[in-house]
Structures are given as C-alpha cells and as structure tokens.
Amino acid sequence: MMVTGHGNECLMTLGGEQFVTERLESARLSKRLQQFHGRRIVLWFVGYAPYRCAASAMVALQRAKLKFRVPQVPSQ
C-alpha cells in the first residue's frame, strides 16, 4: 500500500485502486482491506507523506487485522 499527502487529505493506493481519506478514515478502503485478509501488506510512503497519513494507514491496517511491514518511515 502506498501512502502520500493529497492536499488536506491522504491518498492511499492499494492493489492499483486509489482511496482519498476523508477525516483520516475511508469506509471504502476498510472494505477493500478485508479482501487482503491472510496476506501481508507492505506500507510505502511516497513523496510528501505527513505523519497523520502514515498513522491513518497503520490504524486502518490494524483495524482490518492485517499483518504489515513498514520498511521505511517518512522523515519529514
């Protein structure tokens, strides 16, 4: 899953599908994450990825009870 800032919101790309979070939450993203149950997700931060976007993505993955790795952390 790729995460980047998108104006005042966050843009998350998962399986080629893009999700713009609204108030750091996306019901459509949560539903899509359920389809990845049992698979590991790699979380990538691309370009400008503010902390709130990184945290939002991690919370969404935790709520979906998915295992994920974060090979790099944004340094901005």
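General remarks:
- Test: residue in segment 24-40 that is in a helix (DSSP H, G or I), touching a residue at least 40 places away in the same chain (Cβ under 8 Å) and surrounded by fewer than 17 Cβ atoms within 10 Å (Cβ to Cβ): no
- Check on SER56, of a type in the set (S, T, N, Q) and buried (at least 16 other Cβ atoms within 10 Å of the Cβ): yes
- Residue that is farthest from MET1 (Cα to Cα) [pool: residues in segment 60-76 that are modelled with pLDDT of 90 or more and hydrophobic (A, V, I, L, M, F, W, C)]: ALA64
The values are calculated or read from the model by the stated rules, or taken from the named source; none is laboratory data. It should be emphasised that the depicted structure is a prediction, and the values quoted were computed from it without experimental measurement. No Cβ is skipped: glycine too gets one built from the backbone with ideal geometry, and neighbour counts run over all protein chains shown.
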